[in-house]
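Undergrad: Attaching a single structure in structure tokens format; questions to follow.
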Amino acid sequence: MEDNDILVVHKHAGMAVQNARMGQMDLEHALLNYLAEQTRTKTPGQARTQIPYLAVVHRLDQPVEGVLVFAKKKDAAGKLGRQVQDGTMKKEYLAVCEGKMEKQGVQRLEDFLVKDARSNTSRVVQPGTAGAKKAVLEYEVVQAEENRTLVQIHLGTGRHHQIRVQFSHAGYPLAGDVKYGAKEKGSLALCAHRLELKHPRTGRLLTFTVKPESEMFDSFG
């Protein structure tokens, strides 16, 4: 979806939102190229001097797929940023965990996490640990198989690798996530599949959903 204020896209797993390695395209620059090409098509005589505006409002880790909104104007960026900060922008994830989990309604995970920048990992620590930040999420079992479980997740906070770390600590690492204890390597079974926000100009409530592309989700109907 795209209008004069926002651009909503489905980020594919493996693509960085920003600052990809040398020689790799990231999503931000791919979209800037797209917007520049649009400008060239609409106003060919002026396009060479125009640089499109695009603001990253929120991010997904490189291995994670899902829906993202970008702002095409500074005013829109500010208003969307405030929605992220105050929690009115709702993000819902789907994940496949290793192990069978019972359906028990909405469950809550609450931990304290510390990020290790050198290894680009986070871990659960005791409250009061230096640098620790509180991490909260709620989840519900959607469907359970013998060795895997599909869960729906609502984030209460946005910590580094939060979903991956908290489920691993709870004994149910995400499928394919060997970095955090999964038994079998594969594509990371995590998708930001639903995003709800208020349009920064009209105030209209918008909801966007995407279907996970990872084969890890294929066995669930």
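Undergrad: If I take every Cα pair under 8 Å that is 6 or more residues apart in the chain, average their sequence separation and divide by the length, what percent do I get for the relative contact order?
TA: 20 percent
Undergrad: Leaving out ligands and nucleic acids, and using a 1.4 Å probe, what accessible area per residue does the chain come to in Å²?
TA: It amounts to 56 Å² per residue over the chain.
Undergrad: Provide the packing ranking of 123-130, 9-16, i.e. peptides ordered by the mean count of other C-beta atoms within 10 Å per residue, highest first.
TA: Highest-to-lowest ranking by the protection proxy: 9-16, 123-130.
Undergrad: Under a Cβ-Cβ cut-off of 14 Å, what is the net charge of the residues other than residue 196 that fall near it, where Lys and Arg count +1 and Asp and Glu count -1?
TA: Taking every other residue near residue 196 into account, the sum is +3.
Undergrad: Relative contact order of the stretch 118-221, please, whole-number percent, based on alpha carbon pairs below 8 angstrom and at least 6 residues apart.
TA: Taking the mean separation of contacting Cα pairs over the length of the stretch 118-221, I get 17 percent.
Undergrad: Also, quick follow-up: Quick one: divide the alpha-carbon radius of gyration of the stretch 112-211 by 2.2 N^0.38 Å and tell me what you get.
TA: Dividing the Cα Rg of the stretch 112-211 by 2.2 N^0.38 Å gives 1.25.
Undergrad: Using the crude model of +1 on Lys and Arg Cβ and -1 on Asp and Glu Cβ, and no other charge, please compute the dipole size for the stretch 166-221 relative to its Cα centre, in debye to 20.
TA: Its charge dipole is roughly 380 debye.
Undergrad: When only DSSP loop residues count, what GluC sites (Glu not before Pro) in the stretch 73-120 have their Cβ near at most 16 other Cβ atoms within 10 Å?
TA: Answer in residue order: 102.
Undergrad: Of the residues 62, 50, 85, which exhibits the maximal mean-square fluctuation in a Gaussian network model of the chain defined by a 10 Å Cα contact cut-off?
TA: Looking only at 62, 50, 85, the largest GNM fluctuation is found for 50.
Undergrad: Determine the calculated [θ] at 222 nm for the chain from helices alone, applying -39500 (n - 2.57) to every DSSP H run no shorter than 4 residues and normalising by the residue count; nearest 500 deg cm²/dmol.
TA: Value at 222 nm, helices only, nearest 500: -5000 deg cm²/dmol.
Undergrad: Mind scanning 115/179; 74/211; 72/134; 133/179 and naming the pairs with a C-alpha gap bigger than 23 Å?
TA: 74/211; 72/134
Undergrad: Oh, and also: Highest GNM mean-square fluctuation, the chain, Cα pairs closer than 10 Å: which of 36, 95, 117?
TA: Looking only at 36, 95, 117, the largest GNM fluctuation is found for 117.
Undergrad: Quantify, in whole percent, the carbon and sulfur part of the accessible surface of the stretch 1-103 (1.4 Å probe; protein heavy atoms only).
TA: 49 percent
Undergrad: Let me ask something else. I'd like to compare 190-197, 157-164: which one has the highest average count of other Cβ atoms within 10 Å, and what's the full order after that?
TA: Peptide ranking by packing, descending: 190-197, 157-164.
Undergrad: Taking the alpha-carbon set of the stretch 28-144, what are its Rg and Dmax in Å?
TA: 20.1, 62
Undergrad: With an 8 Å cut-off on Cα pairs and a minimum separation of 6 or more residues, tell me the relative contact order of the stretch 123-164 in percent.
TA: Computed over the stretch 123-164, the figure is 36 percent.
The values are calculated or read from the model by the stated rules, or taken from the named source; none is laboratory data. Computed from a predicted model, the values in this text were never measured in an experiment. All Cβ positions, glycine included, derive from the backbone under ideal geometry; neighbour counts span all protein chains shown. Please note that ligands, DNA and RNA were not included when accessible areas were found on the heavy atoms of the full protein model with its side chains. Shrake-Rupley method; radii C 1.70, N 1.55, O 1.52, S 1.80 Å.
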